[in-house]
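What follows is a set of notes on a single structure, which appears directly below.
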Amino acid sequence: MKLDLDQLLTLSNLNGVPGREDAVREYVQQQLGGLVDDLRVDALGNLIAFRAGRDAPNGKVKERVMLSAHMDEIGFLVRYIDERGFLRLQPLGGFDPRNLFARNVTVQTRGGTLPGVLTPGGRPIHISNPEDRSKVPELRAFFVDLGLDAAAVRQQVRVGDMVTLDQQARRMGDLVVGKALDDRASVFMQLEVLRQLTGPPRHDLYAVFSTQEEVGLRGAVTAAYSVQPTIGIGLDVTLAVDTPGVEADEAVTRMGEGIGIKVYDSSMISTRWLVDEFVDLAEQAGVAYQLEVLSQGGTDGAAIQGSRSGVPTLTLSLPTRYIHSVTEAVHVSDLEAGVALLLAYLK
């Protein structure tokens, strides 16, 4: 299977925190030209693509399948500008402060972008004591330095401006590494499925590129209410903690061993018959898979499952190292397995 990995690199490099997914949505819209029968944007900014399915045989009811991958990434909004022009931030999403020291960032203002440095307040190592060096700062301690005086900052920056971490995506061996692969890697898989799906699918297909997942699955909630699916499939990343310092039973998934079929996370229990159907499909098609149990975390699948009177739902999970950092990493063969399994189901 030939994947357009340059497209994944582009998606990773785009900036779009919850509620500010515009650049990602515009790029995805461009890529969907000629691939779908209908395309619309709802009031919350979700991009909803529709592909009509084949007529159901023998008078059976045609299912309405909703896929959902979120466009937003963890990031910040400007919360406050202090008297010296340093920016204080409102985090959007679950950050580990250990990953945030001395990071290059970009502030998106109405007049353009400004480069900055994100770092916590406190003494540098040269004048710090042992207690300082062992302490992990809270998120509230971090600020952005724009290298401008306070007047210039106030002239250009407003409360609510988007702040994103800088990192150029790249290939590294069998991996793709970059920021925002949670969940741009699944956005990429969804685009690849639509590109490689020749002819109409067996069911009506709604491919949703959702907003505001990192702050509570908000886009998927409204999209599912609108689409009214009869089958739900969330697409997201999951932990691949198959690295030194972690016990084998805590790994959740392992890189290169196939797409994850979610059994459980703290937001949903996947519909068992749907899990069984996907496992059977994977084995019949020779697609590598692994069953996933994640003790914490949630996906758009939970929003679909709980919509209206309830929807049979599962999530396909892409094993990912270093989640919620700027060096999130996915394996090319796992991407291929995810696309192959979705195509097997939709065909």
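Observations on the structure shown:
- Taking 0.36 nm per residue of separation and subtracting the Cα-Cα distance, full extension of the segment from Tyr225 to Asp166 would add 17.8 nm.
- Using a probe radius of 1.4 angstrom, the carbon and sulfur fraction of the accessible surface of the stretch 236-347 is 51%.
- The share of accessible area on the stretch 58-215 that comes from carbon and sulfur is 48 percent, using a 1.4 angstrom probe.
- Computed on the Cα atoms alone, the convex hull of the stretch 132-246 gives a volume of 242 cubic angstrom per residue.
- Solvent-accessible surface of the chain, taken per residue with a 1.4 Å probe and all protein chains present: 44 Å².
- Extension gain for the segment Gln90 to Asp38, taken as residue separation times 0.36 nm less the Cα-Cα distance, is 15.1 nm to one decimal.
- The chain - Kirkwood radius from inverse mean 1/r over Cα pairs (Å): 21.0
- FRET efficiency, Tyr80 to Gln30 (Cβ-Cβ, R0 41 Å, nearest 0.05): 0.70
- Rounded to 10°, Cα long-axis angle of helix 332-346 versus longest principal axis of the chain: 40
- Within the chain, helix-based [θ] at 222 nm, where runs of 4 or more DSSP H residues each add -39,500 (n - 2.57), nearest 500: -8000 deg cm²/dmol
- Note on Lys135: lysines with a C-alpha under 26 Å away, same-chain residues under 8 apart excluded, are Lys179.
- Where only alpha carbons of the stretch 4-111 are counted, the Rg and the Dmax (Å): 19.4, 72
- Calculated P(r) tail over 14 Å for the stretch 211-270, as whole % of Cα pairs: 68
- Counting 0.36 nm for each residue step from Thr10 to Asp280 and taking away their Cα separation leaves a gain of 93.8 nm.
- For Lys62, the lysines whose Cα comes closer than 30 Å to its Cα, not counting residues fewer than 8 places off in the same chain, are Lys262, Lys347.
- Over all other residues within a Cβ to Cβ distance under 14 Å of Ala285, the charged ones net out to -3, with Lys and Arg as +1 and Asp and Glu as -1.
- Percentage, to the nearest whole number, of Cα pairs in the stretch 289-347 over 20 Å apart: 40
- Taking θ as phi - 60° and the Karplus parameters 6.51, -1.76 and 1.60, the scalar couplings of the stretch 95-100 work out to 8, 9, x, 5, 8, 10 Hz in sequence order, x denoting glycine and proline.
- Compactness of the stretch 192-347, expressed as Rg and Dmax over alpha-carbon positions, Å: 15.1, 47
The values are calculated or read from the model by the stated rules, or taken from the named source; none is laboratory data. Quantities reported herein were computed from a predicted structural model and do not represent experimental measurements. Positions of Cβ are backbone-derived with ideal geometry, glycine not excepted, and every protein chain shown enters the neighbour counts. Side chains included, ligands, DNA and RNA excluded: accessible areas come from the protein's heavy atoms. Shrake-Rupley method; radii C 1.70, N 1.55, O 1.52, S 1.80 Å.
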